[in-house]
Amino acid sequence: MGLPGSFQHCCICGQSGATILCCKEGCNRWFHLPCAKEGGCVTQYIVPFRSYCPEHRPVQVVQVTPEPGTECPICMEPVEDRKTFNTIVCPACKRAWFHRDCLQGQAMCAGLLSFCCPLCRDRETFLVEVFFIGIRTPLRLVSFSVIHKTGGCKC
Ligand SMILES: [Zn+2]
Ligand SMILES: [Zn+2]
Ligand SMILES: [Zn+2]
Ligand SMILES: [Zn+2]
C-alpha cells in the first residue's frame, strides 16, 4: 500500500515516506516498517497481510493475569504482572506467559511445524493466537490451512 516517495507521515517517528497503512477501516495512521515494532504496531504474517497501528492492533481476548513471580518459560525471566503488548499468554493452558521477543525468537528457531506452547504442547490454538497478535515464523506467508498439516521440523 502507499506509493514509494509518497509523503505519508509516520505515526511513530513523524517523518514522511511511511509506506504501511493501518488496515482498520477509517484509520489513516501510516508507519514505516522499521518503526512498526518499536511503536507497537502489529503486522499479522498470515494471508491476507494486515498491519495495525498501536491503537487498533489485535489484542488477546483471554482474561487472565499472571501469578506473581511468573517466569517466561523461554528465558526464565519474570514477565510483567499483566497482559501487555510485550507479555503474551498461551490461550490454551493460560498458564504459560511469554515475552513477545522470546516467543518471536522461539518461532524463528522452531519453525512453523514444531512451534507450540512449551508448557502444554498445544499447537493449533496456540498458533492461531500467536499469528493473530503478530508473531511471524520462517515461512513468510502462512495460511491457516498449513497449521492443520503435520510434518517434521524443517530447520
Ligand atoms: Zn517512522
Ligand atoms: Zn489504526
Ligand atoms: Zn522471555
Ligand atoms: Zn500452553
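Side notes on the structure shown:
- Within segment 75-93, the residues that satisfy the criterion of being modelled with pLDDT of 95 or more and part of a loop (DSSP other than H, G, I, E, B) are CYS75, MET76, GLU77, VAL79, CYS90, PRO91, ALA92, CYS93.
Here is a yes/no grid of residues against (1) without any contact (Cβ under 8 Å) to a residue 24 or more places away in the chain; (2) within 16 Å of ligand 2 (Cβ to nearest atom); (3) small (Gly, Ala, Ser); (4) within 23 Å of CYS41 (Cβ to Cβ):
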position: GLU80; (1), (2), (3), (4): yes, no, no, yes
position: VAL89; (1), (2), (3), (4): no, no, no, yes
position: ALA92; (1), (2), (3), (4): no, no, yes, no
position: ALA96; (1), (2), (3), (4): no, no, yes, no
position: CYS102; (1), (2), (3), (4): no, no, no, yes
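- VAL128 satisfies every condition listed in (1) in contact with a Leu (Cβ under 9 Å, 6 or more places away or on another chain); (2) within 16 Å of ligand 4 (Cβ to nearest atom); (3) of a type in the set (Val, Ile, Thr) except (1).
- Any chance CYS53 is within 16 Å of ligand 1 (Cβ to nearest atom) and either open to solvent by 70 Å² or more (accessible area, probe 1.4 Å) or not charged (D, E, K, R) (or both): yes
- Residue in segment 66-117 that is farthest from the chain's Cα centre (by Cα), counting only those that are among the polar types (S, T, N, Q) and either surrounded by 15 or more Cβ atoms within 10 Å (Cβ to Cβ) or within 16 Å of ligand 4 (Cβ to nearest atom) (or both): THR70
- Test: LYS37 is of a type in the set (D, E, K, R) and free of Cβ contacts under 8 Å to residues at least 12 places away in the same chain: yes
- Checking GLN44, GLN63 one by one, the residue that is closer than 30 Å to PRO91 by Cα and in the same structural domain as THR84 (by TED's automatic domain parsing) is GLN63 and no other.
- Test: residue in segment 105-122 that is part of a loop (DSSP other than H, G, I, E, B), away from ligand 3 (no atom under 16 Å from the Cβ) and among the hydroxyl-bearing types (Ser, Thr, Tyr): no
- Of all residues in segment 22-30, none are out of contact with any Leu (no Cβ under 8 Å at 6 or more places or on another chain), within 16 Å of ligand 4 (Cβ to nearest atom) and either within 18 Å of THR125 (Cα to Cα) or at pLDDT 95 or above (or both).
The values are calculated or read from the model by the stated rules, or taken from the named source; none is laboratory data. In this text the structure is predicted, and so the values were computed from the model without any measurement. Ideal geometry is used to build each Cβ from the backbone, glycine not excepted, and the neighbour counts take in all protein chains shown. In case anyone asks, the SASA skips ligands and DNA or RNA and just uses the protein heavy atoms, side chains included. Shrake-Rupley method; radii C 1.70, N 1.55, O 1.52, S 1.80 Å.
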